[in-house]
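Below is one structure, written out as C-alpha cells; comments come after it.
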Amino acid sequence: MVKRIVTGAHYGLRDWVMQRVTAIIMAVYTPVFLIALSCASPLTYESWKNLFAQGWMRLATFLFLVSVFLHAWVGMRDILMDYVKPAGIRFALQMLVMVALVGYCGWAVQVLWRI
C-alpha cells in the first residue's frame, strides 16, 4: 500500500492559470508602456509626470504590478514547497514573502496615486 502525503490544498490548475493570465497581462503591458513612453519624448520629469497623470496609465500600471506580485507569489510558493521541507520554516518564509508582496502592492498604490 502506498502512503500518499498531501502537501498542498488543491493548487494545481488554478495557479497554472493564474501564472499564464498574469504573464499575458505583463506581456501586453510592456509594449503599450514602451509605445506610450516613446510618444512622450523627450523624457523629462514633466513628460513622465504627464504620462502617469492619465487614469488609464495608472490603472494599467497597477494591473501590471499586481500581476507581477501574483506571478511572484505563485512562483515563490512553489519554490518553497519544493525545496524547504520543514513545515514551520516553509510557513515562516511564505509569510515573509506574502507580507513583502502586500507591502510592495501598497507602496505601488501610494506611488501611482500620489502624482
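Laboratory data are not the source of any read-out in this text; all were calculated from the coordinates shown. Given the structure is predicted, the values throughout are model-derived calculations rather than measurements. FYI the Cβ positions are ideal-geometry reconstructions off the backbone, even for glycines, and counts take in every protein chain you see.
What do you reckon, is W73 of a type in the set (F, W, Y), part of a helix (DSSP H, G or I) and within 23 Å of G12 (Cα to Cα)?
On the way: of a type in the set (F, W, Y): yes; part of a helix (DSSP H, G or I): yes; within 23 Å of G12 (Cα to Cα): yes.
The answer is yes for W73.
Just checking, how many residues over the range 53-99 are hydroxyl-bearing (S, T, Y), farther than 18 Å from W16 by Cβ and surrounded by 15 or more Cβ atoms within 10 Å (Cβ to Cβ)? Let's see the steps before the verdict.
Applying the first criterion (hydroxyl-bearing (S, T, Y)) to the range 53-99 yields 61, 67, 83.
Now restrict to residues that are farther than 18 Å from W16 by Cβ: 61, 83.
Of the ones still in play, those that are also surrounded by 15 or more Cβ atoms within 10 Å (Cβ to Cβ) are 61.
Counting residues in the range 53-99 that are hydroxyl-bearing (S, T, Y), farther than 18 Å from W16 by Cβ and surrounded by 15 or more Cβ atoms within 10 Å (Cβ to Cβ) gives 1.
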Quiz item: Taking M76 and the conditions (1) more than 12 Å from the chain's Cα centre (by Cα); (2) free of Cβ contacts under 8 Å to residues at least 60 places away in the same chain, which numbered condition does it fall short on, given that it satisfies the others?
Solution: (1)
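Quick one: is I35 exposed (fewer than 14 other Cβ atoms within 10 Å of the Cβ) and assigned to a helix (DSSP H, G or I)? Lay out the reasoning, then the answer.
Details: exposed (fewer than 14 other Cβ atoms within 10 Å of the Cβ): yes; assigned to a helix (DSSP H, G or I): yes.
Yes; evaluated as a whole, the condition is true for this residue.
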Exercise. Output the residues belonging to the range 39-52 that are closer than 14 Å to V111 by Cβ and over 22 Å from the mean Cα position of the chain (by Cα).
Key: W48, K49
Self-check item: From M81, M18, residue being farther than 18 Å from G106 by Cα, part of a helix (DSSP H, G or I), touching a residue at least 40 places away in the same chain (Cβ under 8 Å) and over 13 Å from the mean Cα position of the chain (by Cα)
Solution: M81
Quiz prompt | Residues being among the aromatic types (F, W, Y) and without any contact (Cβ under 8 Å) to a residue 12 or more places away in the chain - total across the range 84-112 | solution = 2
